[in-house]
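Chemist: The structure follows.
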Amino acid sequence: MMYATATQPETTAETRWQAVLARDATADGRFYYAVRSTGVYCRPSCPARRPRREQVAFFDTPEAAERAGFRACRRCAPRTVSADQQVVARVQALLEANDPPPALAALGRAVGLSPAHLQRVFKRATGLSPREYAAARRAERLKAALRDGRSVTAATYDAGYGSSRALYAAAPAALGMPPRAYRDGGQGERIAYGVADSPLGRLLVAATERGVCAVHFGDDAALVEALRAEFPRATLVPDTGAVAAPTRAVLDHLTGQTAPADLVLDARGTAFQQRVWAALRAIPVGQTRSYGEIAATIGAPGAARAVARACATNPVALLVPCHRVVRAGGQPGGYRWGAARKRMLLERERALAEAPGSEPA
């Protein structure tokens, strides 16, 4: 069976721009961006300073960029994308251009690799198997269609689910809620929350019926507004009693008494994010791991930048301890709730782990 080849593997210019901002190495080989003010084109992961969006144009190939008058960047050498990156880019294009996506054996034949070798190459680069990647992209298309106000039926078929039965089977993992509720911004969902004082400032803990969905630090007004932005049509209910257990777990840990309890979480993310978050929960108190080490742990040693993005989007501080992931040289690096809080957390946990009689958590 012949499969189509996508000429636009990234669905929108905005998607490509977000990959450029993130220096996403998994997008290398899929497209190139050029800067009008410098006349140079680069791969998405180029370490150079990011230009203004209005100065950027996107191209599918180096040849297309050069025909438009741009020259290759000397820093990132966009023409030297590795053979593995080229394979991954071609497989990603095939997965996005065909519905249903090709089987692993068919993908292997298309790129000249055995299924097992292709699986290893693809997973090392993206953190996902081809099947998981196709499912994640399908979920992204579904979310985009629902956010645009499309009907559930139209979004189902546009995203490639094939039937409403397939959609509703995938909805808990893909959306965290029924499709209609996601389209309506969480309408009909009740989210209880409470705000309390903590050694790191004001703390918000929120939970759905399924589990804890948010643990944030910040100012009262900003905390609630951020929760409302994430679930714009859900019913937000200030109910400290409903979130007493997770709030107590976080506060106990911050005061050095114990690590957070093994609470049920409703942290919503892609398959890759969920794998990263599970690896973070396995890091013992008082220890750290680099982004590269976490990438290797989940079987994706080339996906350190993607691991960093998964840490940055973690919605449940401490319960998924993204603060325990640091740069390769040992520097703390960034943190969604501020670098100062990250340093304080690491110092507290180090002291807790080194205290006499302490046990690994």
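Chemist: Give me D for region 190-254 in µm² s⁻¹, whole number, from Stokes-Einstein with Rh from the Kirkwood sum over alpha-carbon pairs, 25 °C and 0.890 mPa s. Present the calculation step by step, with values, prior to reporting the outcome.
Modeler: Values: Rh = 11.6 Å.
The estimated diffusion coefficient comes to 211 µm²/s.
Chemist: How far apart, in nm, are two points set 7 Å out from the Cα along the Cα-to-Cβ line at Glu140 and at Gln274?
Modeler: With each label point 7 Å from Cα toward Cβ, the separation is 1.7 nm.
Chemist: Right, another one. Calculate the FRET efficiency for Glu54 and Ala105 from the Cβ-Cβ distance with a Förster distance of 30 Å, rounded to the nearest 0.05.
Modeler: Working: r = 45 Å, r/R0 = 1.49.
Efficiency computed from Cβ-Cβ geometry: 0.10.
Chemist: Below 11 angstrom from the Cβ of Ala306, what's the summed charge of the other residues (Lys, Arg +1; Asp, Glu -1)? Mind showing how you got there, number by number?
Modeler: Numbers: positive: Arg23, Arg275, Arg305, Arg309; negative: Asp24.
Net charge in that neighbourhood comes out at +3.
Chemist: Gain in length, Arg248 to Arg36, computed as 0.36 nm per residue apart minus the alpha-carbon separation, to one decimal in nm?
Modeler: Details: separation 212, 0.36 × 212 = 76.32 nm, distance 5.36 nm.
Contour length minus Cα-Cα distance gives 71.0 nm.
Chemist: Suppose each label sits 7 Å from its Cα in the direction of the beta carbon; what would the Ala339-Ala116 distance come out to in nanometres?
Modeler: Placing both labels 7 Å beyond Cα along the Cβ direction yields 4.7 nm.
Chemist: List the equivalent ellipsoid semi-axes of region 10-93 in whole Å, largest first, each obtained as the square root of 5λ for an eigenvalue λ of the Cα gyration tensor.
Modeler: Working: eigenvalues 64, 40, 28 Å².
Here the semi-axes work out to 18, 14, 12 Å.
Chemist: For a Förster distance of 22 Å, can you work out the FRET efficiency between the beta-carbons of Asp84 and Ala312, rounded to the nearest 0.05?
Modeler: On the way: r = 26 Å, r/R0 = 1.17.
The value I calculate is 0.30.
Chemist: Something else: Dividing the convex hull volume of the alpha carbon atoms of region 271-354 by its residue count, what do you get in Å³ per residue? Before the final figure, lay out the partial values.
Modeler: Numbers: hull volume 6.8 nm³, N = 84.
Hull volume normalised by residue count: 81 Å³.
Chemist: Give the separation of the Cα centroids, region 198-262 to region 78-110, in Å.
Modeler: 41
Chemist: Quote the charge dipole size of region 37-141 about the Cα centre in Debye, to the nearest 20; the model charges only the Cβ of Lys and Arg (+1) and of Asp and Glu (-1).
Modeler: Values: 19 positive and 9 negative charges, 87 e Å.
Around 420 debye, computed over region 37-141.
Chemist: For Ile283, what is the net charge nearby, where nearby means another residue's Cβ is under 12 Å from its Cβ and Lys, Arg count +1, Asp, Glu -1? Walk me through the numbers before you get to the answer.
Modeler: Working: positive: Arg281, Arg289, Arg324; negative: Glu293, Glu349.
That sum, taken over residues with Cβ under 12 Å, equals +1.
Chemist: Suppose the Debye formula is applied to equal point scatterers at every Cα of region 198-349; what is log10 I(q)/I(0) at q = 0.10, 0.13, 0.19 Å⁻¹?
Modeler: -0.33, -0.57, -1.23
Coordinate-derived values only; no laboratory data. These numbers come from a predicted model, not from an experiment. So basically every Cβ, Gly included, is an ideal-geometry build from the backbone, and we count neighbours across all protein chains shown.
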